[in-house]
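Structure first, commentary second.
Any read-out appearing in this document is the output of simple, stated calculations on the displayed coordinates, not a laboratory observation. Since the structure is predicted, the reported quantities are computational estimates derived from the model, not experimental observations. Every residue, glycine as well, gets a Cβ built from its backbone with ideal geometry; the counts of neighbours run over all protein chains shown.
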Amino acid sequence: MVAKSKPRKKVQTRKTKSDEPVLTPSQLSEIQNELVLPYKELRVMVGLLGMLMPLILYVGGRVIFGKVLQESISAYYHTGMRDVMVGILFSLGVFLFSYKGYGREDDIAGNLACFFAIGTALFPTLREGETGEIYKRISIVHHIFAASFLLTLTYFCLVLFTKSKHKPADMPKMKKLRNTIYRVCGGVMLACILLIAVYFAAFGAEGRFLGITNPIYWLETLAIFAFGFSWFVKSEVILKDKEEPPMVKYVPQFVEAMR
């Protein structure tokens, strides 16, 4: 009788590192661009909304509803441009909430800015001539949210945007220039916030201030434009660093195959 041979057991072989797919430099660059592009687009959207918001409200109020320039940007809540103003603030809030920076500080600041932006939209400022106590309290809440929103955006400019992985001596030329712009924008925003506070405290937010009428509107406009411009610069649509070649891990098998 012939002895039946036992079936051989299948030996499972583990894949070695050499079996893993290797990405070419062009593929790595493509993946990098797919990840970076949405964040750049997000920064551009935030920047454009910030810079255009005062102009949109003024032109819309003037052309569509025949309204003169309001005392403040917040005052457009009580005009036909209310939905536009609330929509822009909510959009900014959503964009800022979606923004993910390089660390936890960026995430917290973005979440807080979102909270303050939406709070500013939900709690309107006092309508001219309104004397109700409840409306006065709501207006106080509005001003707290609005000031907190601007202060958070100032923190972005002065602290978060100026961070770099490079030492000061090794920092690229364009990064140094962008940091200067961030600090100028942050300084402008902080100065506007302080001047608005002085106007409220010393003048009761009435009459001319610094030789101009409607000073709150113009100071808010300047602060918001500075915020928007800083985010536009952060997107690196302008003043962009020179692109560095992607880092590729050395794989001997890949090098041999390319020879």
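Residue order for Leu210, Leu122, Leu190, fewest other beta carbons within 10 angstrom first, comes to Leu210, Leu122, Leu190. Using the alpha-carbon centroid of each, what span in Å lies between segment 170-234 and segment 81-119? So the separation of the two Cα centres works out to 19 Å. A quarter of the convex hull surface defined by the alpha-carbon atoms of segment 79-185 gives 8.2 nm² as the mean projection.
Work out the P(r) tail for segment 150-211: percent of alpha carbon pairs separated by more than 14 Å, whole number. Pairs farther apart than 14 Å: 63 percent. Of the peptides 140-146, 82-88, 113-119, the order by per-residue mean of other Cβ atoms within 10 Å, starting with the highest, comes out as 113-119, 140-146, 82-88. Subtracting the Cα-Cα distance of Arg208 and Tyr102 from 0.36 nm times their residue separation leaves 33.8 nm of extension gain.
With K and R counted +1 and D and E -1, the other residues having a Cβ less than 13 Å from that of Lys173 yield a net charge of +3. Per the Cauchy relation, a quarter of the hull surface: what is the mean projected area of the convex hull of the alpha carbons in segment 26-238, in nm²? One quarter of the hull surface, i.e. the mean projection, equals 13.9 nm². Label positions at Thr162 and Leu177, each projected 7 Å from the Cα along the C-beta direction, are separated by 1.9 nm. Exposure proxy shown here: for Lys40, Lys242, the number of other Cβ atoms within 10 Å sets the order, fewest to most, as Lys242, Lys40. Highest mean packing first, where packing is the average number of other Cβ atoms within 10 Å per residue, the peptides 211-217, 147-153 line up as 147-153, 211-217. Considering segment 121-171, its Cα convex hull presents a mean projected area of 4.7 nm².
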